[in-house]
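All of the numbers you see were taken from the coordinates with simple rules; none came from a lab. None of these values were measured; they are calculated from a predicted model. Cβ sites come from the backbone with ideal geometry, for glycine too, and all protein chains shown count toward neighbours.
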Amino acid sequence: MLSSRFLLLARTVKIFGAFLLSVLLCAMPLAFTSPLSEQLIREAYFLGERHDGTYRRLLEKYMKFLPRPKTGPHISSVLFDTPFLQMVAYADKYFGNYSAQQAQIDYRNKGEEVVHVSVEIQLTDSYGQMVAVPANSGANSSAGFPPRPHDFSKGFAVRIYDRGRELTPDDSRGARVS
């Protein structure tokens, strides 16, 4: 059974996450242009084909780092990997005979545009790897410190809005990162 303190914390994290995502979306309106125009595809190609760290610097504009809270889990970063950023990354990784024209063809052949949203949640001293189980939590349970479930990220909700309309994700998953 979860304590009321944990439930309040989870609710606070959910509300804060929704607020943060809405702030990020408002801050970068052109980054979410869909579908990408031929000009934006060319710009993404030319940014990526430099191979001079431009992609990493651009990535920082699409990622928001948050300060560590006094208590609770640390929502350390949120990344919006937009079709534009994906195109820059593709061109950045491509070495060889590649052109802006080929980038446009590849982009059009890719099909549906997808925005990947990544939220990194880090454990903290007050939201650690072990979960305290109170002694009076049930007849068949004992007090102790079992490990936090590997799928604990399912307890966090990420909501994204477009002009006041909540978007429904096609997929949602969490993964433990070492």
task: Report ³J(HN,Hα) in whole Hz for each residue of the stretch 65-76, in order, from the Karplus equation J = 6.51 cos²θ - 1.76 cosθ + 1.60 where θ = phi - 60°; Gly and Pro get x.
output: 9, 10, x, 5, x, 5, 9, x, x, 9, 7, 7
message: Taking a ≥ b ≥ c as the square roots of the Cα gyration tensor eigenvalues, with a/c under 1.5 meaning rounded and otherwise prolate when a/b beats b/c, else oblate, which class fits the stretch 44-112?
response: prolate
Gain upon complete extension [T54, Q101; 0.36 nm per residue less C-alpha separation]: 14.9 nm
query: Using modelled amide H (1.01 Å from N, peptide plane; none on Pro or chain starts), what sits under 5 Å from the amide H of Y127, excluding residues fewer than 5 places away?
result: G72
- prompt: Using 1/(1 + (r/R0)^6) with R0 = 41 angstrom and r between the beta carbons of L123 and Q39, what's the FRET efficiency to the nearest 0.05?
  reply: 0.40
message: Suppose the chain between R108 and V131 were pulled fully straight at 0.36 nm per residue; how much longer would it get relative to their current alpha carbon spacing?
response: 3.5 nm
- line: Listed by chain and number, the residues whose amide H is under 5 Å from that of S77, excluding neighbours fewer than 5 places away on the same chain and using placed H, are L66, E120
